[in-house]
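Read the structure below first, then the notes.
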Amino acid sequence: MMAQPQLEKKAPARARPPLTGKVVAALCVASFAVGLLLSGWMPLLSAPISSRVNKTSAPGCDDNRVSKGLAGERHDPKGIISEVSRTHHAIQSLDKAVSSLEMELAVERARSGDAGAGAAGSSKDLQKAFVVIGINTAFSSKKRRDSLRETWVPSGEKLRRLEKEKGIVVRFVIGRSGTAEGGGAADRALDAEEAENKDFLRLDHVEGYHELSSKTRIYFATAVATWDADFYVKVDDDVHLNLGMLATRLAKYRARPRVYVGCMKSGPVLSQRGVKYHEPEYWKFGDVGNKYFRHATGQIYAVSKDLAAYISVNQPILHRFANEDVSVGAWLIGLEVEHVDDRSMCCATPPDCEWKKRAGNVCVASFDWSCSGVCRSVDRMKLIHDACGEDQAAVWGVAT
């Protein structure tokens, strides 16, 4: 008997702005779900159903209709379960809608410059593109770059035409050397190569093998600040790629938000020191012998524009693991992301990709798992391209 006066005293003391229609509707749905749970799975209390509903209802809810609905369905367990299921799905849909709005906000923050250094103005000021393909390369890899220019990377006027007509941007991605703040011989040689080919995206980053996670973060931030693209791709410079097949695959996911495309894997977490791909933070993944969460293999993967913008906006607080592909997977694992496992992005080199091409299933990308890329790529890239490459006109026929 003492509880009722206390409730009456608390009610008038709450001075808040009027609730919006959306908030009232959400509270109605929540209180209705609670009422269904109470009426279906808890013993009936001494108070009538209508009084119990009144205690959980929000202002603006039609208590009489809710009470009648409960009274009519409390003896129908299937109906109760059905209503709870529908309510659950409605809440999930609302949650996803909120997540989508937050991602869109992240995109705009990246465009407006709120993300800090590296961001540009509004997306209206940026060059439009369908896909930006960043080829990860190093100062010592000029021969690799030349082997790609002789095979699947367009050069000169073809490169510019591909950007203008198809919205496909291809760039070698590299930072600066650690000598004399980027003024060493390696930097000067790269400057000359860039002046000749005009196919580089230079990053404000000091190159180093153990800095690949940082380089990837900066690549996405720089690309998002330079091009307004639907997709952003990272690929290594020892991988064979068919641009037309890549564009065709990505076009299938153009209307979907938050897409992460690649060959998904879950390799072992290596705790032993001195081995390749050793993970110093192995303890974060559970007991020794555990595997990583699913993530795209690092040779090639693609993310949609909202995910690239998310990385750009949050790059200062994104954790870097020892392996770049694990880092990217970790950045995305907790988001509402669609993981697309596309095995055509990790074909083996001939005869595998050659057989698939003859069968009409041209691969997106080919490499050797044993080498984490094409073994002896400088010597073999032309042979692989001749055996597994798409027709030269394929990329021009893709609808982007």
Which count do you get for residues in the range 182-235 that are among the hydroxyl-bearing types (Ser, Thr, Tyr), surrounded by fewer than 20 Cβ atoms within 10 Å (Cβ to Cβ) and within 12 Å of Asn136 (Cβ to Cβ)? 1
Within the range 329-363, the residues that are within 27 Å of Ser214 (Cβ to Cβ) and open to solvent by less than 20 Å² (accessible area, probe 1.4 Å) are Gly329, Trp331, Leu332, Val340, Asp342, Met345, Cys346
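Looking only at the range 339-393, how many residues end up being of a type outside the set (Gly, Ala, Ser) and in a loop (DSSP other than H, G, I, E, B)?
The first filter runs over the range 339-393 and keeps only residues of a type outside the set (Gly, Ala, Ser), leaving 339-343, 345-347, 349-358, 361-364, 367-369, 371, 374-376, 378-386, 388, 390-392.
Okay, now just the ones that are also in a loop (DSSP other than H, G, I, E, B), so 342, 349-351, 361-364, 367, 374-376, 390-392.
Final tally of qualifying residues: 15.
In a helix (DSSP H, G or I), touching a Leu at 6+ places or on another chain (Cβ under 7 Å), of a type outside the set (Lys, Arg) and crowded, with 20+ Cβ neighbours inside 10 Å: does that describe Ile311?
Working: in a helix (DSSP H, G or I): yes; touching a Leu at 6+ places or on another chain (Cβ under 7 Å): yes; of a type outside the set (Lys, Arg): yes; crowded, with 20+ Cβ neighbours inside 10 Å: yes.
Here the answer is yes, as Ile311 does meet what is asked.
Would you confirm, using the coordinates I've provided, whether Thr179 is open to solvent by 60 Å² or more (accessible area, probe 1.4 Å), touching an Asp or Glu at 6+ places or on another chain (Cβ under 8 Å) and of a type in the set (Val, Ile, Thr)? Working first, answer last.
Working: open to solvent by 60 Å² or more (accessible area, probe 1.4 Å): yes; touching an Asp or Glu at 6+ places or on another chain (Cβ under 8 Å): yes; of a type in the set (Val, Ile, Thr): yes.
So Thr179 fits the description; yes.
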Since Ala185 meets every condition but one in (1) farther than 26 Å from Lys382 by Cβ; (2) of a type in the set (A, V, I, L, M); (3) in contact with a strand residue (DSSP E or B) (Cβ under 7 Å, 6 or more places away or on another chain), which condition does it not meet? (3)
Asp287 vs (1) part of a loop (DSSP other than H, G, I, E, B); (2) in contact (Cβ under 8 Å) with a residue 24 or more places away in the chain; (3) open to solvent by 60 Å² or more (accessible area, probe 1.4 Å): all pass except (2)
Hey, Ser304 hits all of (1) surrounded by fewer than 23 Cβ atoms within 10 Å (Cβ to Cβ); (2) farther than 17 Å from Asp236 by Cβ; (3) among the polar types (S, T, N, Q) but one; which does it fall short on? (1)
Among the residues of the range 245-270, how many are closer than 23 Å to Ser372 by Cα, in contact with a Phe, Trp or Tyr (Cβ under 9 Å, 6 or more places away or on another chain) and of a type outside the set (A, V, I, L, M)? 7
Is it the case that the range 254-265 has a residue that's surrounded by fewer than 18 Cβ atoms within 10 Å (Cβ to Cβ) and either touching a Leu at 6+ places or on another chain (Cβ under 6 Å) or within 18 Å of Gly298 (Cβ to Cβ) (or both)? yes
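Go over the candidates Gly175, Gly167 one by one and state the one that is more than 18 Å from Ala247 (Cβ to Cβ) and either over 20 Å from the mean Cα position of the chain (by Cα) or modelled with pLDDT of 95 or more (or both).
Of the residues listed, the single one that is more than 18 Å from Ala247 (Cβ to Cβ) and either over 20 Å from the mean Cα position of the chain (by Cα) or modelled with pLDDT of 95 or more (or both) is Gly175.
The values are calculated or read from the model by the stated rules, or taken from the named source; none is laboratory data. What you see is a predicted model, and the numbers here were worked out from it, not measured in a lab. Because the Cβ atoms are built from the backbone with ideal geometry, glycine has one as well, and the counts that use them run over all protein chains shown. We work out accessible area using only protein heavy atoms, side chains counted, and drop any ligands, DNA or RNA first. Shrake-Rupley method; radii C 1.70, N 1.55, O 1.52, S 1.80 Å.
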